[in-house]
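K.L.:
Below is one structure. I have some questions about it.
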Amino acid sequence: MKYRKLGNTDMNVSILSYGASSLGSVFRDIDEDRGIEAVRVSIENGINFIDVSPYYGVTKAETVLGKALRGIERDRYYLATKVGQYAPGDFDFSSRRVQQSVRESMDRLGVDTIDLIQCHDIEFADVDQIVDETLPALHEMKAEGVVRYVGVTSLPLKVLRDAIQKTEPGAIDTILSFCRYALNDHTLTGLFDICEDRGVGIINAAPTGMGLLTVRGVPDWHPASVMLAAHCKQVVQQCEAKGWDIGRLAMQFACHEPRIATTLVGSASPERMLANIRAVEAEYESKQIADVLKMLAPIHNFNYTRGRPENQDAIIA
């Protein structure tokens, strides 16, 4: 496993990290014992960064993750969780609620420090509130030693840039973006310069586009256009015919970019997580990846967005 420094933090994180949303049965019901084993297998094989949220399964993911981490030395992993989103449609970024949320998460996770606390899906928030109220409240907890670093997450990239530009250097330690650095969409590269200038670490998630680049395909709730999903499905089928595992190639591609500190993948299957780890540890399959990029060229950077109108990206479709 390779490791990279996460922005200006003191965290050297594995290039592949564990996204614990699956532990909340977000995608399908899970076997809790196998989910716990998936976390432990990941840590045993070099993954040292774990990301979760009280939103995933309405606290279920944090609860199961807390069980998985029992007995594991605290210096073997960095732990990130989130504030501001707690159930579908339930957003509260007020200072009182986010500080309360941090302490609730610590109880569920069984830890006395959160390495990275993140404002969750700020595209649904008033950015001025994030800048003027939420981030200062989290920095108070940072000063207390309860949390070590502070970040923000979003699907649209516009609101991430806006938040960075509206804050002083050091107010935002990390950003987490998903579906925006994958084989079909490289738009996250547009934030590389501002993040480097500010020392903001970049966390990437969903290198298969939340199912776009998988044999299973997209779930019913996926926001991609019919045309985008159809083209990705066609490419997946072409890869299958060639005997290529497009999920493996997607992870290799995402983890190969040195300006992205880590890429999150999640599974409640220990076998799948071990396969993910082996994929990024293997020799980079440059020819196959180049061929897949050509197949995806007709829909390159076609995207989808969400959140408040003022926070949304312009649609390219």
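K.L.:
Looking at (1) touching a helix residue (DSSP H, G or I) at 6+ places or on another chain (Cβ under 9 Å); (2) part of a loop (DSSP other than H, G, I, E, B); (3) at pLDDT below 95, which is the only condition MET1 fails?
P.N.:
Of (1) touching a helix residue (DSSP H, G or I) at 6+ places or on another chain (Cβ under 9 Å); (2) part of a loop (DSSP other than H, G, I, E, B); (3) at pLDDT below 95, only one is false for MET1: (3).
K.L.:
Among ILE30, ILE72, ILE47, which is the only one that is over 19 Å from GLU257 (Cβ atoms), outside any helix (DSSP H, G or I), at pLDDT 95 or above and not small (Gly, Ala, Ser)? Explain how you work it out, then say what you get.
P.N.:
Details: ILE30 fails: at pLDDT 95 or above; ILE47 fails: over 19 Å from GLU257 (Cβ atoms).
So the residue among ILE30, ILE72, ILE47 that is over 19 Å from GLU257 (Cβ atoms), outside any helix (DSSP H, G or I), at pLDDT 95 or above and not small (Gly, Ala, Ser) is ILE72.
K.L.:
Starting from segment 182-198, keep only residues that are at negative phi, then list their pairs with residues that are hydroxyl-bearing (Ser, Thr, Tyr) and outside any helix (DSSP H, G or I) whose Cβ atoms are within a distance under 6 Å, requiring at least 6 positions of separation or different chains.
P.N.:
LEU188/SER177; LEU188/TYR181
K.L.:
When residues of segment 241-253 are filtered for being crowded, with 21+ Cβ neighbours inside 10 Å, more than 20 Å from VAL26 (Cβ to Cβ) and out of contact with any helix residue (DSSP H, G or I) (no Cβ under 8 Å at 6 or more places or on another chain), how many remain?
P.N.:
0
K.L.:
Report yes if ASN276 is touching a helix residue (DSSP H, G or I) at 6+ places or on another chain (Cβ under 7 Å), part of a helix (DSSP H, G or I) and under 30 Å from ARG148 (Cα atoms), otherwise no.
P.N.:
yes
K.L.:
Continuing with this model, one more query. Which residue out of GLY46, GLY66, GLY84 is touching a Cys at 6+ places or on another chain (Cβ under 7 Å), under 24 Å from ASN204 (Cα atoms) and of a type outside the set (Asp, Glu)?
P.N.:
GLY84
K.L.:
If you check SER105, SER154, SER95, which single one turns out to be over 21 Å from ARG198 (Cβ atoms), in contact with a strand residue (DSSP E or B) (Cβ under 7 Å, 6 or more places away or on another chain) and hydroxyl-bearing (Ser, Thr, Tyr)?
P.N.:
Values: SER154 fails: over 21 Å from ARG198 (Cβ atoms); SER95 fails: in contact with a strand residue (DSSP E or B) (Cβ under 7 Å, 6 or more places away or on another chain).
After ruling out the rest, the residue left standing is SER105.
K.L.:
Considering (1) of a type in the set (D, E, K, R); (2) more than 20 Å from THR189 (Cα to Cα); (3) in contact with an Asp or Glu (Cβ under 7 Å, 6 or more places away or on another chain), say which one GLU133 fails and leave the rest.
P.N.:
Status for GLU133: all satisfied but (3).
K.L.:
Also, I was wondering about something else. Identify the single condition in (1) within 20 Å of the chain's Cα centre (by Cα); (2) under 28 Å from GLY170 (Cα atoms); (3) surrounded by fewer than 16 Cβ atoms within 10 Å (Cβ to Cβ) that SER105 does not satisfy, given that it satisfies every other one.
P.N.:
Single failed check for SER105: (3).
K.L.:
Within segment 12-35, can one find any residue that is crowded, with 16+ Cβ neighbours inside 10 Å, in contact with a Leu (Cβ under 8 Å, 6 or more places away or on another chain) and under 16 Å from ASP75 (Cβ atoms)?
P.N.:
yes
The values are calculated or read from the model by the stated rules, or taken from the named source; none is laboratory data. Quick caveat, the model's predicted, so the values are computed rather than measured. No Cβ is skipped: glycine too gets one built from the backbone with ideal geometry, and neighbour counts run over all protein chains shown.
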